[in-house]
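Notes to accompany the following structure.
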Amino acid sequence: MASSAGGHRGLTAAEWGGFEDNIQTGSGAAVIDMENMDDTSGSSFEDMGEIQQRMKEDEEEADGAPEDAEDDGAFLGMKGFKGQLGRQVADEMWQAGKRQASKAFNLYANIDILRPYFDVEPVQVRNRLLESMIPVRMISFPQKIAGELYGPLMLVFTMVAILLHGMKSSGTVIREGTLMGTAIGTCFGYWLGVSSFIYFVAYLCNAQITMLQTLSLLGYGLFGHCIVLFITYNIHFHSLFYMFWLCVGGLSTLRMVAVLLSRTVGSTQRLVVCGTVAALHMLFLLYLHFAYHKVVEGLLDTFDAPNVPPPFQRVPRDLSVGTNAILNATVQILTGHAR
């Protein structure tokens, strides 16, 4: 290789000129010795093939680039943001949002999630109704609370029926479903609203109870209210009501208080939680017996009252009385001045 390089360097200008003349005239063929050329000065046939293949791929990508750019621009709505990366990111975001939405819809639309809360035997419901009237004595360890809603829900509907029965027995006429709607709103409002309030107070006082257990405890506590209302609506004696209010209603309230005592730590916290529960539960029974009928009757009278006020009525007046009085007073004044 060195000798060949040296030979090339030793060529004179005349020899190079003769070589150029032969190429221009085309009378001879130029023969190039491939062995005398350096390997780094050219490429092999395989390299040339790869270069041609790359050039074809670049041309195809260049031809397809405008269409992809238009598609990306139309999809993303941003000028200058091109390529498949933006589309992939948007697709991933869309799929993730779609999965979350479908998961949430399936969670709330699937009725099977409510089955464990209502899967209970009638014997268990009967035993829990009886237990709701028996206060527990052991408060040194947390008492067990039933985590089901079948019994409480049936007690709420039973109380609605008892309120409707009491209103019918008192002679109240049902107009346009107002009485039934008021009874349902009162019972369910007390159950859900007071349960939420008790859970909030228990959370502040660090009581170990969940919202489901609060709903179950307060719902079964309505069993005593149903007994008292059913008896006193049929036997109208205030003394009988107060006796049942203290005995039956007091027992169901003591059951709730004892369970909350076993799940609360601290004397102040126990006093706040138990005092709140006892006051709300006993006062609600007094309201249903004395004030509920009057409130509903007032609502019915308000709804049934005519919207147009009565017209003004003209009352005839006797003007002669006033005229005679004025004349007498004038005469007395004149006579006084004359004297």
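Other residues within the sphere of radius under 15 Å centred on the Cβ of Gln208, judged by their own Cβ, net out at +3 (K and R +1, D and E -1). Backbone geometry of the stretch 232-241 corresponds, through the Karplus equation with coefficients 6.51, -1.76 and 1.60 at θ = phi - 60°, to 3J(HN,Hα) couplings of 6, 6, 9, 10, 8, 9, 5, 5, 5, 5 Hz, x marking Gly and Pro.
All other residues whose Cβ lies under 13 angstrom from that of Lys144 are scored, Lys and Arg at +1 and Asp and Glu at -1, for a net of +1.
Please say if the stretch 136-239 is rounded, prolate or oblate, where rounded means a/c under 1.5 for a ≥ b ≥ c the square roots of the C-alpha gyration tensor eigenvalues, and otherwise the choice is prolate for a/b larger than b/c and oblate otherwise? Since a/c reaches 1.5 and a/b is larger than b/c, the shape of the stretch 136-239 is classed as prolate.
Converting phi to 3J(HN,Hα) with the Karplus coefficients 6.51, -1.76 and 1.60 and the offset θ = phi - 60°, the stretch 288-295 yields 5, 7, 9, 9, 5, 4, 5, 5 Hz in sequence order, with x at every glycine or proline. Shown in residue order for the stretch 148-158 are the 3J(HN,Hα) couplings computed by the Karplus curve 6.51 cos²θ - 1.76 cosθ + 1.60 at θ = phi - 60°: 9, 10, 5, x, x, 5, 5, 5, 5, 5, 5 Hz (x for Gly and Pro). What nm distance separates the two modelled labels at His238 and Arg99, each placed 7 Å from Cα along Cα→Cβ? Roughly 6.9 nm, to one decimal.
Read the figures in this text as sums done on the coordinates, not as results from a lab. These numbers were taken from a predicted model, which means no experiment stands behind them. Using ideal geometry, Cβ is built from the backbone for each residue, glycine included, and neighbour counts are taken over all protein chains shown.
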